[in-house]
Amino acid sequence: MKHCRSILSVLTVLFLSCSAERNDVVISGQFLGEHPEELWYTLPVNGNSFEGFVKSEKPDSSGRFSIRVNVDEPALIDFLYLGSPSLIIEPGSNYEISLSLNTDNILEIGGNPGEAQKLYSGFSHQHPMSCLYSYGEEFTNYHSIRQKLNDDLSNEISALNELHQISGDVLNLLVTDRKIYYYTAQSVLASRNHLDRVSDNKGVPDDIFSIWSEAAYGVPMDSRHILNSPYSWDYLQMYLWYRIYTYFDFDEFRKMRAERRADRTIHAHNIELAREFLPDNVIEFFIAGSFYHQYMRREYDNGLLNIFEQFKLDFPESKYLTFVERTVEEMIENQ
C-alpha cells in the first residue's frame with residue numbers, strides 16, 4: 001500500500017511539472033534603438049493584467065531580454081508605457097518580438113507577433129480614464145461622443161471576427177477587452193457630465209444615466225474575462241460609481257464622503273461600498289487593486305493595517321497577497 005502511495009505521489013509530481021511546463025510562456029526580444037534599464041510588465045495573476053501586479057527584467061547591453069510567465073489560458077501582458085498595446089500570449093507558446101519607442105513614447109511591438117497581435121496593436125490604447133476624446137468645456141455633445149465610441153467598438157469587434165488565424169479563446173479575450181475599454185470610456189463620459197451638472201446644482205438628464213447604464217452593464221460581471229483586461233479595475237470602479245449614484249441621494253452621499261475624508265477613512269469607505277455593490281467573483285481583485293491605487297495617490301487611510309488584516313482573513317489563499325503586502329509595506333514606510 002505504501003509502495004502504491006509512493007508511485008502515486010511521484011506521478012502527481014510529474015503531472016504537475018508537465019502541466020507547469022505546458023503553461024509556460026517564454027517571451028524573447030530586443031529593443032530597437034535606446035532601451036530602458038528595466039522593462040516593467042504586468043505579471044498575469046489569475047490571468048489578470050493589472051498595473052499593480054508587476055515584475056521587471058533588465059535588458060542586456062544590446063537591449064535583449066527574456067521573460068518567462070505561466071498562464072492557464074490566453075492572457076494580456078501590458079508593458080508599462082502609457083498608450084501602448086498589450087502583448088497577447090497563449091499557454092505553452094514562445095514569442096520572439098522586438099520593441100521600440102516612437103516619437104510619442106508609445107511602445108511598438110514588432111518582429112513576427114502574428115495576425116491577431118498586429119490588428120490589436122493598431123487599435124486605440126489611449127487610457128480610457130484619461131481624456132480619450134477632447135471634452136474641453138463642451139459637454140452638450142455627449143450623444144455624438146457616445147456614438148463614436150460605439151462605432152469604434154463595433155468596427156474593432158468586426159475586424160477581430162474576420163481574423164482567420166485566431167483561436168476562440170483568444171478571440172473571446174480580445175472582444176471582452178475591447179468592450180471593457182470602450183465601456184470604461186463611455187462611463188467616464190457619463191460620469192463627467194453627471195458631476196458637471198450636480199456641481200453646478202443643475203438637474204441631471206435621464207439620458208446621461210441611460211448612457212452610463214448601457215456602459216455599466218455592457219460587460220456582465222460574470223463574464224469569463226471580466227478581470228483579464230488591463231482596464232478591468234477601472235471598469236469595475238466606474239460600474240461601482242454608477243451603482244452608488246443611482247442608489248444614494250447625491251447631497252447626502254457627498255456629506256458622507258466629506259466626513260470619511262476628514263477622518264482619513266475614505267479608502268476604507270470605498271471598500272465598504274465595493275462589498276455592498278460588487279459581486280463576489282470580482283471583490284477580491286477590486287480590493288487588492290484598491291491598495292495599489294491608495295499607494296499611487298499617496299492617500300493613506302487611518303487603520304490601514306486593519307484593512308489589510310481583514311483582507312488576509314477574507315482571502316487567505318489570495319494570489320494577490322504578495323503584491324498587496326509589498327504595497328502596504330511601502331505605504332507604512334512613507335507614512
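The values are calculated or read from the model by the stated rules, or taken from the named source; none is laboratory data. Please read all numbers here as calculations on a predicted model, not as lab measurements. Quick reminder, even Gly has a Cβ in these numbers, built from the backbone with ideal geometry, and neighbours come from all protein chains shown.
Write out, first by first residue and then by second, each pair whose Cβ atoms fall under 6 Å of each other, whose residues are 6+ apart or on separate chains, and whose first residue, in the stretch 162-181, is outside any helix (DSSP H, G or I) while the second is surrounded by fewer than 17 Cβ atoms within 10 Å (Cβ to Cβ) and of a type in the set (Asp, Glu).
Leu163/Glu115; Gln165/Glu115
Anything in the stretch 182-213 that is without any contact (Cβ under 8 Å) to a residue 60 or more places away in the chain and among the acidic types (Asp, Glu)? List them, or say none.
Once the filter is applied, which keeps residues that are without any contact (Cβ under 8 Å) to a residue 60 or more places away in the chain and among the acidic types (Asp, Glu), the stretch 182-213 yields Asp196, Asp200, Asp206.
Applying the selection to the stretch 57-90, what residues are within 18 Å of the chain's Cα centre (by Cα), of a type in the set (Ser, Thr, Tyr) and modelled with pLDDT under 95?
Once the filter is applied, which keeps residues that are within 18 Å of the chain's Cα centre (by Cα), of a type in the set (Ser, Thr, Tyr) and modelled with pLDDT under 95, the stretch 57-90 yields Tyr81, Ser84.
Residues of the stretch 159-177 being more than 12 Å from Tyr120 (Cα to Cα) and of a type in the set (Gly, Ala, Ser), which ones?
Passing the criteria: Ser167, Gly168.
Please go through (1) aromatic (Phe, Trp, Tyr); (2) closer than 22 Å to Val324 by Cα; (3) at pLDDT below 95 for Tyr41 and return the number of the only condition it doesn't satisfy.
(3)
Examine the stretch 136-143 for a residue that is at pLDDT 85 or above and surrounded by 19 or more Cβ atoms within 10 Å (Cβ to Cβ), and state whether such a residue exists.
Within the stretch 136-143, the subset at pLDDT 85 or above is 142-143.
Then drop every residue that is not surrounded by 19 or more Cβ atoms within 10 Å (Cβ to Cβ), which leaves 142.
Yes, the stretch 136-143 has at least one match.
Out of the residues in the stretch 120-135 that are loosely packed, with under 12 Cβ neighbours inside 10 Å and modelled with pLDDT of 60 or more, state the one that is nearest to Tyr231 (Cα to Cα).
Ser130
Looking only at the stretch 234-244, decide whether some residue is within 15 Å of Leu153 (Cβ to Cβ) and modelled with pLDDT under 95. Steps first, answer last, please.
Taking the stretch 234-244 as the starting set, the residues that turn out to be within 15 Å of Leu153 (Cβ to Cβ) are 235.
Next cut, modelled with pLDDT under 95 only: none.
Checked against the condition, which is being within 15 Å of Leu153 (Cβ to Cβ) and modelled with pLDDT under 95, the stretch 234-244 yields no hits at all.
Is it true that some residue in the stretch 147-162 is under 19 Å from Asn48 (Cα atoms), out of contact with any helix residue (DSSP H, G or I) (no Cβ under 7 Å at 6 or more places or on another chain) and surrounded by 12 or more Cβ atoms within 10 Å (Cβ to Cβ)? Talk me through it step by step, then tell me what you get.
Step one: filter the stretch 147-162 for residues under 19 Å from Asn48 (Cα atoms), giving none.
No.
Scan the stretch 195-204 and tell me whether some residue there is within 28 Å of Phe285 (Cα to Cα) and either within 24 Å of the chain's Cα centre (by Cα) or not in a loop (DSSP other than H, G, I, E, B) (or both). Walk me through it before giving the result.
Taking the stretch 195-204 and keeping what is within 28 Å of Phe285 (Cα to Cα), we get 195.
Checking the rest, the ones that are also either within 24 Å of the chain's Cα centre (by Cα) or not in a loop (DSSP other than H, G, I, E, B) (or both) come to 195.
Scanning the stretch 195-204 turns up at least one residue that is within 28 Å of Phe285 (Cα to Cα) and either within 24 Å of the chain's Cα centre (by Cα) or not in a loop (DSSP other than H, G, I, E, B) (or both).
Taking the stretch 183-223, which residues are of a type in the set (Ser, Thr, Tyr) and within 26 Å of Glu156 (Cα to Cα)?
Narrowing the stretch 183-223 to residues of a type in the set (Ser, Thr, Tyr): 183-184, 187, 191, 199, 210, 213, 217, 223.
Within the stretch 183-223, Tyr183, Thr184, Ser187, Ser191, Ser210, Ser213, Tyr217, Ser223 meet the criteria.
So Ser66 passes all but one of these: (1) assigned to a strand (DSSP E or B); (2) touching a residue at least 60 places away in the same chain (Cβ under 8 Å). Which condition number does it fail?
Condition not satisfied by Ser66: (2).
Here is a yes/no grid of residues against (1) among the charged types (D, E, K, R); (2) surrounded by fewer than 17 Cβ atoms within 10 Å (Cβ to Cβ); (3) touching a His at 6+ places or on another chain (Cβ under 8 Å); (4) free of Cβ contacts under 8 Å to residues at least 40 places away in the same chain:
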residue: Glu284; (1), (2), (3), (4): yes, no, no, yes
residue: Tyr292; (1), (2), (3), (4): no, no, no, no
residue: Arg297; (1), (2), (3), (4): yes, yes, no, yes
residue: Asp301; (1), (2), (3), (4): yes, no, yes, yes
residue: Ile307; (1), (2), (3), (4): no, no, yes, no
residue: Gln310; (1), (2), (3), (4): no, yes, no, yes
residue: Lys319; (1), (2), (3), (4): yes, yes, no, no
residue: Thr322; (1), (2), (3), (4): no, yes, no, yes
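Of all residues in the stretch 91-117 being closer than 16 Å to Val170 by Cα and touching a helix residue (DSSP H, G or I) at 6+ places or on another chain (Cβ under 8 Å), which is modelled with the lowest pLDDT?
Among those residues, the one meeting the criterion is Pro113.
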